[in-house]
1. Order K244, K182, most accessible first, counting only protein heavy atoms with a 1.4 angstrom probe.
2. Pop a pseudo-label 7 angstrom from the Cα along the beta-carbon direction at both Q279 and M210 and give the gap in nm to one decimal.
3. So what J values fall out for segment 2-7 if you push phi through Karplus, 6.51 cos²θ - 1.76 cosθ + 1.60 with θ = phi - 60°, rounded to Hz, Gly and Pro as x?
4. Treating each Cα of segment 124-224 as an identical point scatterer and ignoring solvent, apply the Debye formula and state log10 I(q)/I(0) at q = 0.11, 0.19 Å⁻¹.
5. From the backbone phi of segment 109-122, what are the Karplus-calculated ³J(HN,Hα) couplings (6.51 cos²θ - 1.76 cosθ + 1.60, θ = phi - 60°) in whole Hz, Gly and Pro given as x?
6. What FRET efficiency do you get for I25 and S329 if R0 is 56 Å and r is their Cβ-Cβ distance, rounded to the nearest 0.05?
7. V306 to D240: extension gain in nm, 0.36 nm per residue of separation minus the Cα-Cα distance?
8. For helix 198-210, report the angle its Cα long axis makes with the longest principal axis of the Cα atoms of the chain; keep it between 0 and 90° and round to the nearest 10°.
Amino acid sequence: MHAAKHWKPLNDGAVQCRLCAHSCIIRSEDKGLCGVRHNKGGELLTATYDCIAAANLDPVEKKPLYHVLPGSTTFSFGTMGCNFSCAFCQNHTLSAPPRLGRPVQGQPVTPAILVEEALRLNARSISYTYSEPTIFYELMADTATCAIDNGLMNIMVSNGFQSTECLDALNGLIHACNIDLKAFTESFYHEHCGAQLKPVLRNLKHIVRMGWWLEVTTLLIPEANDSDAELRDMACFIRDELGKDVPWHISRFHPTYMMTDRPPTPLERLERAWEIGKQCGLSHVYLGNVHGHFSEHTACPSCGNVVIRRTGYRAILKGAPVCKACGTSIPGIWSFPA
Ligand code: SF4
């Protein structure tokens, strides 16, 4: 157990955790909703500072980030635990156990060990991912500080449910992120994730204001979040509130965990979502989990010429990310340090 940050004491030994938008009030000897933050005698402690449950060297395209150092690898890790309870979670063996009262398990680490490993593997960046990095905030922040000292970029892959206080504390540490926009209705977030939409929308706008590179992902689930009207609402929100150049990844759903009552997303629905994104004026819309599809390349938004070619998670960018046909520059992070 390690001292937690971003909380305040209340009366009778209770504390309020201020790390995410749940703002849990935790009585003495109890845990927050995520199951990893414990009130021990009026002090908030975290069980996710010194052990990780998964680590891999991944292509950065797998996060997915398509406009960040294409073709590079990112050292990715995550701990157990999550502040959401998504019925369709693809990583439920990592995310769910602490919430269900089981212990946080994993391999012992320190921030310095994680950065050493990233350097040894020749990664260009570290990604805080797999479960929900907000609930291992202290490990993420200390590792990110050490990573910057060693010339590495920091990437956060998140459900976007942080408190504003938490996001502000990460400003200057995180360079790029992929944030889920799981749907555009409060009822979806409430019924399927045990959370709310409003804080996610607020945070997406805040991230743009802070200047982090942002890409957005939506898992398209049949009969849940795939109506034309909802897709149009999401695309218009991205265009109007985040910017038309923010890439939107629309991923194919596969039945898993507690959502096995429906089929994988049909290709036609994914292509319809892609079309809606483009009709709404988004410059870059990508389909995920559909390898070999034309949308996996980065095309020039002005003339349609392919600027970055991808095959699965392999990306080929020759020279600068500028359209050779019309000279349009593609936004993103193409070198680091800049
Ligand atoms: S991180 Fe969120 S879910 Fe976990 S204790 Fe804090 S406020 Fe609650």
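1. Numbers: K244 105, K182 25 Å².
So, going from the largest accessible area down, we get K244, K182.
2. Those two pseudo-labels are separated by 3.5 nm.
3. 10, 4, 8, 10, 6, 8
4. These q points yield log10 I(q)/I(0) values of -0.33, -0.91.
5. Listing the rounded values in order: 8, 10, x, 5, 5, 5, 5, 4, 5, 4, 5, 4, 8, 6 Hz.
6. Working: r = 48 Å, r/R0 = 0.87.
Result of the calculation: an efficiency of 0.70.
7. Working: separation 66, 0.36 × 66 = 23.76 nm, distance 2.54 nm.
Working it through step by step, the gained length comes to 21.2 nm.
8. Its long axis makes an angle of about 70 degrees.
The values are calculated or read from the model by the stated rules, or taken from the named source; none is laboratory data. Because the structure is a prediction, the values reported are computed rather than measured. Cβ atoms come from the backbone with ideal geometry, glycine included; neighbour counts cover every protein chain shown. Accessible surface is based on the protein model in full, side chains and every heavy atom, while ligands, DNA and RNA are left aside. Shrake-Rupley method; radii C 1.70, N 1.55, O 1.52, S 1.80 Å.
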